[in-house]
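Trainee: Structure provided below as structure tokens; questions to follow.
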Amino acid sequence: MRIAEADTYDVLVIGGGPAGLSAALNLGRSLMRVLVVDADRPRNAATLNSHGFLTRDGVAPHELRRMAREELAAYPNIEVRTRVRVLELRRTDAGADADPAADAAGGFTASVGRKDPTDVVAARTVLLATGLRETLPDVPNLRGFYGISLFSCAACDAWELRGRRLALIGETPDIAERARLIARWTEDLTIFTLGADTVSPAEEAELAASGVAVQRHPIAELVGDRGRIEAIRLTDGTVVTVEGGFVRPEWETDLSFLRGFAPAIDHDGHLVTDRSGRTDVPGLYAAGDAAVPGPQQLIVAAGAGARVASVIVHDAVGIATAH
């Protein structure tokens, strides 16, 4: 398939979360021709309300995205395609791996579709704003409470849970550190390690001195109604009363759609960028959760998208950036 000139963009933004949409807005205002491709499956889809975003505190995440897309629609040089994804992304200058159908003006070609490609587009630069793929701990009926009374982001949701009996569920090595943070909002916190040996005796003693308990048995059941958790029953029969809490998921960056090239990633699988959002692949940038270890607040991700957009514009005209 030959790529038509109309299908060549200055910037392809992969991901339509706060980082990608914020970048698209600022790129469009800089007269860039922008295509946003968004699978419309955000990691925070289970969250009823988002917090910490100035002037939008408490707005549902899907409503925030809707308003952003509505604003982008006012710019004729910004196109947003939803419920499709980039199935393959290739560099057009990658030698034997180059796409022979690519327009020479584009540095990348992307096949776009749902399950099968329905279109191929070219772009001079690409911004990865794909966010993270989230895996929750293996706990029975956890999904029924996640986003209603159990959350993953303390900065986002701890205010609404302040002063309550809280749980922290997870089996990652940083669980004790997260407990120290969450204890800022409550004097009654229990860690549930799911049988994993991730809290050392020294850490447990330190946490106990701060009023944080540790339960090491696996969880048999979360007890509650309509998403509101009331207790946690362990496999040894212990029942702990709680009124809310936090879960420590595991996250990974999904780069399976890249073909013929591989940007550098760190030991945790996150994209490595410089302080301006550039990867080690020329013309490939990253912003938001895809570019840092672990999720960010929405307002931080949006700011990162705007910042990297400015860098892309500066790079396009060949001037040094202050970012």
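Trainee: Taking A45, is it part of a loop (DSSP other than H, G, I, E, B), modelled with pLDDT of 90 or more and assigned by TED's automatic domain parsing to the domain that holds A306?
Mentor: When the stated conditions are applied, A45 does not pass them.
For (1) more than 26 Å from L21 (Cβ to Cβ); (2) of a type in the set (K, R); (3) out of contact with any strand residue (DSSP E or B) (no Cβ under 6 Å at 6 or more places or on another chain); (4) in the same structural domain as I182 (by TED's automatic domain parsing), each residue gets a yes or a no:
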residue: D236; (1), (2), (3), (4): yes, no, yes, yes
residue: L258; (1), (2), (3), (4): no, no, no, no
residue: A262; (1), (2), (3), (4): yes, no, yes, no
residue: H267; (1), (2), (3), (4): yes, no, yes, no
residue: R275; (1), (2), (3), (4): no, yes, yes, no
residue: D280; (1), (2), (3), (4): no, no, yes, no
residue: G283; (1), (2), (3), (4): no, no, no, no
residue: I299; (1), (2), (3), (4): no, no, yes, no
residue: A306; (1), (2), (3), (4): no, no, yes, no
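Trainee: If the requirement is being buried (at least 16 other Cβ atoms within 10 Å of the Cβ), of a type outside the set (F, W, Y) and free of Cβ contacts under 8 Å to residues at least 60 places away in the same chain, which of these qualifies: V214, V242, V247?
Mentor: Selected residue: V214, the only one of V214, V242, V247 that is buried (at least 16 other Cβ atoms within 10 Å of the Cβ), of a type outside the set (F, W, Y) and free of Cβ contacts under 8 Å to residues at least 60 places away in the same chain.
Trainee: Would you please name the residue that is nearest to S50 (Cα to Cα), looking only at residues in region 275-323 that are outside any loop (DSSP other than H, G, I, E, B), modelled with pLDDT under 90 and β-branched (V, I, T)?
Mentor: Looking at the filtered set, the residue picked out is I299.
The values are calculated or read from the model by the stated rules, or taken from the named source; none is laboratory data. Since the structure is predicted, the reported quantities are computational estimates derived from the model, not experimental observations. All Cβ positions, glycine included, derive from the backbone under ideal geometry; neighbour counts span all protein chains shown.
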